[in-house]
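We did not get these values from a lab; they are worked out from the coordinates using the rules stated. Just so we're clear, the structure is a prediction, and the values are computed from it rather than from any experiment. Using ideal geometry, Cβ is built from the backbone for each residue, glycine included, and neighbour counts are taken over all protein chains shown.
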Amino acid sequence: MSNKNYDELSFTTRAIHVGADPDPASGAIEPSIYMANSFQLPYDPSTMNWSASEANIYTRNGGVNQGMLERKVANLHGGEDCVVLASGVAALSGLFFTKLKKGDHVIFSTVTYVATYRIFNELWCDKWGIETSIVDCTDVEKIKAAIRPNTKLIHFETPGNPTCCICDIEAIVKLAHEHNIEVSVDNTFSSPYNTRPLEYGVDYVVESLTKYINGHGDSMGGAIIADHKTCEAIRYQAQVNIGGCISPFNAWLIQRGAATFPLRMQVHNDNALAVAEWLEKQPCVSFVAYPGLKSFKGHELAKKQMKNGFGGVLSFGLKGEHDLFNRVVTHLNIFTSAVSLGNTGSLIVFLGEDDERMYLYPEEFHGGFYRVAIGIEDKNDLINDLRQAFKAEGLETVD
Ligand SMILES: *Cc1c(COP(=O)(O)O)cnc(C)c1O
């Protein structure tokens, strides 16, 4: 498109057009895939900085498709810059590797993606002498009590994976910045369609592009959205020199998926709310955790922070023993038993009572629970599928 003043355009329009200009060489109106791993050098390459990311040198320094996707994701988050890496976990570790050093202290939430827990609970501490505290970040007072003189970063997810707990972004940023501490938010569950944490003063946003922005369950990628200086440091340290670069094909797939992301996300939001409301009425269901439910602890805060809806992930329990959860899954026809989220199709995963992090979750989760990633199928088909699976096990349901 010729109008470059994207600021005046709506989110939906920007998701389609930013970073997807016609190719000046061929005139092709949709992005091509640039698989070349190297680029032609200037007449005298002898003075080049081989670790630079701004010039086209080598695809680990920065690829063409990666650059297009970075422009789009930065724009959707309202960020100055963005680094796209090979996966959401590459983005998390790229940010932490670049920002933290020996002796720093990190506060991170009790409810996070499992790799975040491993990084901060085991790997980073053992290898690099980073001090960490696991804190219930839904309670700002608990964060305050955990602050040390060397606290450098507070990291949390909202909604958190897998309990959907909601953290108060604005209040945490205020507390952190009063103490000269930076804040990073993993926004994967919410996506920029529902929440743009930079608007609340967050320093760094991380997102798994594998999920909603790609949206089709067929590629992996991750992004850090931040100021240009931080992004340059991440490119230099974590991308060029550690090597977590994204493949051009995956960057292209995610760019392609992103065009329909706002439309899909609205359906994820609507479907998940309908399924959560239905589940909550079922006598055989022990609890439902979904930020869109009025009964949910963080609902009022979620309404404030999540502008268009409450995301596509919910968790729930059944009144029954361990194997009942597995038997119910065998009767499902539409839901697939698989991890991940943000796919077009609905996914369900059973997390049993022996999961090593269960003690970090609220009590209702302790008997085991399902994490459900609602897709964009017809919502009545999804509800009917759950109903017939419950009935097949003789569980009590109501319409
Ligand atoms: C999936 C996920 C990640 C990791 O992303 P990958 O692309 O699988 O590496 C990080 N954070 C959250 C909240 C996730 O759901």
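Points worth noting:
- Karplus-derived HN-Hα couplings along the range 279-288 (A = 6.51, B = -1.76, C = 1.60, θ = phi - 60°), whole Hz, x at Gly and Pro: 4, 4, 7, 7, x, 7, 8, 7, 6, 10
- Model label sites at Met35 and Trp50, defined 7 Å from Cα along the beta-carbon direction, differ in position by 2.6 nm.
- Among Ser93, Ser340, a tally of other beta-carbon atoms within 10 Å of each Cβ gives an order, fewest to most, of Ser340, Ser93.
- Residues Ser38, Ser346 in ascending order of nearby Cβ atoms (within 10 Å, fewest first): Ser38, Ser346.
- Calculated from backbone phi, Karplus (6.51, -1.76, 1.60) coupling profile of the range 144-150 in Hz, x at Gly/Pro: 4, 5, 8, 5, 10, x, 9
- Out-of-range pairs (alpha-carbon distance over 28 Å; input Lys281/Lys304; Lys152/Lys229; Lys72/Lys101): Lys72/Lys101
- Cβ-based exposure ranking for Val349, Val339, in which fewest neighbours within 10 Å come first: Val339, Val349
- GNM result for the chain, Cα springs below 10 Å: residue of Pro291, Pro262, Pro31 fluctuating most strongly: Pro31
- Prolate/oblate/rounded label for the range 11-258 (Cα gyration tensor, a/c 1.5): prolate
- Only helices enter the 222 nm calculation for the chain: every DSSP H run of n ≥ 4 contributes -39,500 (n - 2.57), and dividing by all residues gives -9500 deg cm²/dmol, rounded to 500.
- Mean shadow area of the range 262-392, taken as a quarter of the surface of its Cα convex hull (nm²): 7.7 nm²
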